[in-house]
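The values are calculated or read from the model by the stated rules, or taken from the named source; none is laboratory data. Here the structure is a predicted model, which is why all the values come from computation and not from measurement. Glycine also receives a Cβ, built like all others from the backbone with ideal geometry; neighbour counts cover every protein chain displayed. These area figures cover heavy atoms from the full protein model, side chains too; ligands, DNA and RNA do not enter into them. Shrake-Rupley method; radii C 1.70, N 1.55, O 1.52, S 1.80 Å.
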Amino acid sequence: MAQSIEIVKSVDPINKLIINADHMDSMAFDSHRNMEDFLIRLISYKPGWLKFLYKIRGLLVGLLGLKHDELVGHGLQVSDYDFKAGGQVDFFQSVDFEAERFWIGEAVDKHLSAYIGVVSEPVHEGLNRYHVFTIVHYRHWTGPLYFNLIRPFHHLVVYFMGRNAAE
């Protein structure tokens, strides 16, 4: 994970987001897929067990007085995902994108701002190592409470999303 974080930090727009971050993690996945295909498979991954976890999350955020969006039904089809800055990708707003190099998406709520993204590292002909990262900035006292409750699940979800995207 430490090496993956160093690769992520090497991208200037991402490095700026890390300043004063309350949490940062990164996982690497090797794949022969191009970056756009990897991103689409990453973000659109919504198996039944993940939908179930999201329903539990809904109960948790309700207790904390936070809003809860549905995991599905954001009004976007996968074909509508717009990775360019300002575009919408599921419930993330695209912050920055450089084709075949990196993508940054942001979700802002009352309790925290979360950035998710991918940095592509060419390994050799046709093989890329995709570094999937998360950066969190707490905005309210409920931010660390919420994030520390979901943190173990966060790592599992990112792992399975990345594994699905890489296949």
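Using heavy atoms of the protein chains and a probe of 1.4 Å, the accessible area assigned to Glu36 is about 100 Å².
Dipole orientation for the chain: of the candidates Leu64, Ala114, Val95, Leu64 has the Cα lying most toward the positive pole (charges on Cβ; Lys, Arg +1; Asp, Glu -1). Only helices enter this figure: runs of n ≥ 4 DSSP H residues, each worth -39500 (n - 2.57), summed and divided by the residues of the chain, yield -12500 deg cm²/dmol at 222 nm to the nearest 500. By the combined test of axial Cα extent (at least 27 Å) and Kyte-Doolittle hydropathy (mean at least 0.0), the qualifying DSSP H helices of the chain come to 142-166.
Percent of accessible area on the range 1-132 owned by carbon and sulfur, 1.4 Å probe? On the range 1-132, the fraction of accessible area on carbon and sulfur atoms equals 52 percent. For Lys51, the aspartates and glutamates whose Cα falls under 15 Å of its own Cα, not counting residues fewer than eight places away in the same chain, are Asp69, Glu70, Asp90.
With a sphere of radius 9 Å drawn around the Cβ of Ser113, what net charge do the other residues whose Cβ falls strictly inside it have (Lys, Arg +1; Asp, Glu -1)?
Values: positive: Arg139; negative: Glu106, Asp109.
My count for the surroundings of Ser113 gives -1.
Working note: Cα gyration tensor of the range 1-56, eigenvalues times five, square-rooted, sorted largest first, giving semi-axes of 25, 18, 11 Å. For the range 36-167, the Kirkwood estimate of the hydrodynamic radius, built from every pair of different alpha carbons, is 15.6 Å. Solvent exposure of the chain, expressed per residue, is 52 Å² of accessible area, with all protein chains present and a 1.4 angstrom probe. Whole Å is fine, so just give me how far the alpha carbon centre of the range 87-152 lies from that of the range 32-67. When both Cα centres are located, 12 Å separates them.
With the contact rule set at Cα under 8 Å and sequence spacing of 6 or more, what percent relative contact order holds for the range 91-167? Provide the component values of the computation, followed by the final result.
Details: 101 pairs, mean separation 15.6, N = 77.
So the answer I get is 20 percent.
Our coupling estimate for the range 112-124, obtained by passing each phi through the Karplus curve with A = 6.51, B = -1.76, C = 1.60 and θ = phi - 60°, is 6, 10, 10, 10, 10, x, 9, 10, 9, 10, x, 9, 6 Hz, Gly and Pro reported as x. Here the gap between Asn34 and Arg151, fully extended at 0.36 nm per residue and compared with their Cα-Cα distance, gives a gain of 39.2 nm.
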